[in-house]
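Here's the structure we're looking at; comments come further down.
A short reminder: the numbers here are calculations on the coordinates, not readings from a lab. Predicted model, so just to flag it, every value in this text is computed and none were measured. A quick note on method: Cβ atoms are made from the backbone with ideal geometry, for glycine too, and the neighbour counts reach across all protein chains shown.
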Amino acid sequence: MEGNTTFLQFPGNRTNGTCSRDNVLKTLVFPVLYSLLFLVGLLLNAVAVWVFFRIPSKSHFIIYLKNVVVADVIMTFTFPFKVLSDSNMASIGLRIFVCRVSSVLFYLTMYISILFFGLISIDRCRKTLMPFRGTNTARLFRRKLLSGAIWTFLLILCLPNVILTSKTPTSKYFKCSDLKTMAGLHWHEVVNHVCQVIFWVNLVTVIVCYTLITKELYRSYSRSKSQSPVAGTICQGPSRATTQKSSQAKRKMSANVFLVLAVFFVCFVPFHFARVPYTMSQTRTVMFDCKLKLFFFQLKESTLFLTSINSLLDPLIYFFLCKAFRTTLFKTLRLPLGTCSWLTGQGSDSDTGN
Ligand SMILES: Nc1ncnc2c1ncn2[C@@H]1O[C@H](COP(=O)(O)OP(=O)(O)O)[C@@H](O)[C@H]1O
């Protein structure tokens with residue numbers, strides 16, 4: 001196998017100071033950062049799961065958010081394996097498990113989040129442009145089917161990455177690509193191309209949707225200072241109480257809408273630029289010398305950390321954009337519903353959960 005033999009041309013990678021992956025960044029900095037991410041992410045996502053368990057799936061938005069929570073929880077549980085593996089504290093068996101299962105689960109959940117972010121943007125756009133269009137049981141059922149189809153599609157896409165990572169490592173110091181068969185390396189490349197398409201299509205969707213939302217938001221503000229149903233639709237559907245909102249609160253709401261866009265850009269865009277040359281360095285190894293491979297690996301790992309932060313930022317999105325989430329959280333914590341309205345730009349009007 002070309003990939004493996006070329007990788008094995010650098011058996012001294014570990015001892016060769018300039019090309020070894022085992023530098024302080026991989027073995028110390030990222031393990032510490034991922035450990036923190038795991039602890040905080042576990043806490044925030046546990047709260048999110050606990051709150052969403054109490055919210056019925058009565059809108060498309062809530063259904064999509066529940067899928068994102070599940071993806072984030074699974075992603076969070078992959079962090080300890082990465083920490084052990086990267087810090088060289090894991091046994092060979094555990095490192096093989098990381099390559100075969102936990103890393104694949106990490107990527108799977110990342111693209112689940114990306115796809116649902118796209119759907120959430122479409123839903124928010126629809127809700128803003130057609131605030132009075134409700135939903136019904138049949139539509140809700142179709143959204144659940146769609147969610148199931150997305151999980152199934154990505155599972156089928158990623159499964160060969162598990163199955164074809166079947167080689168036994170020939171040395172203690174191996175990379176995931178060393179465990180892949182020839183077909184496994186090809187599939188790895190195919191999956192990464194498909195995932196690039198998934199990402200860029202969703203990025204365009206998010207940009208288009210939030211441009212339309214912003215246009216409608218400002219048209220609504222200028223149309224009438226006293227009657228503005230749009231601001232209330234970002235999470236919970238039309239609301240007459242928005243008429244009392246201060247212009248400051250409206251500006252905050254508009255800023256909240258951009259939270260999704262900002263999170264999408266910060267977390268996902270850098271990784272998708274870094275991923276292309278890195279995948280090439282894994283599968284077309286002769287084209288890259290070991291220093292360049294190391295550079296692309298470190299670039300991939302650094303940007304991958306940004307995507308991992310997404311699992312921690314998502315609970316903030318639920319809090320700021322979903323009033324049903326806030327209401328349930330405050331009710332359970334026995335806090336007054338108006339708490340943080342200065343932060344979220346929302347009053348304490350009744351919540352429909354749409
Ligand atoms: N987009 C993806 N979807 C599913 N699995 C992936 C994706 N990208 C990489 N993987 C799998 O995750 C594991 C780790 O991949 P990668 O991060 O490229 O390797 P490394 O940790 O050696 O840099 C491999 O088994 C790989 O096939």
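Below, the figures for the structure above:
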| item | result |
| --- | --- |
| Residue pairs, from the table K144/K323; K82/K323; K66/K175; K66/K127; K66/K180; K66/K323, whose Cα atoms sit over 26 Å apart | K82/K323; K66/K175; K66/K180 |
| Shape category assigned to region 117-158 from the gyration tensor of Cα positions, a/c cut at 1.5 | oblate |
| Environment charge at R133 (Cβ cut-off 9 Å; Lys +1, Arg +1, Asp -1, Glu -1) | +2 |
| Rule-of-thumb Rg ratio for region 81-177 [Cα; 2.2 N^0.38 Å; N residues] | 1.56 |
| Region 159-221, relative contact order [Cα under 8 Å, separation at least 6], % | 25 |
| Cα→Cβ-extended label distance, 7 Å offset, between I156 and L259, nm | 3.6 |
| FRET E, pair F53, V286, Förster distance 35 Å, beta-carbon r, rounded to 0.05 | 0.10 |
| Contour excess over end-to-end distance, with Cα ends at L333 and K215 and 0.36 nm allotted per residue | 38.9 nm |
| Protection proxy ranking of 153-160, 114-121 - average other beta-carbon atoms within 10 Å, highest first | 114-121, 153-160 |
| Peptide ranges 295-305, 73-83 listed from the most packed, as the mean C-beta count within 10 angstrom indicates | 73-83, 295-305 |
| Order by protection proxy (mean Cβ within 10 Å, highest first), peptides 105-111, 261-267 | 105-111, 261-267 |
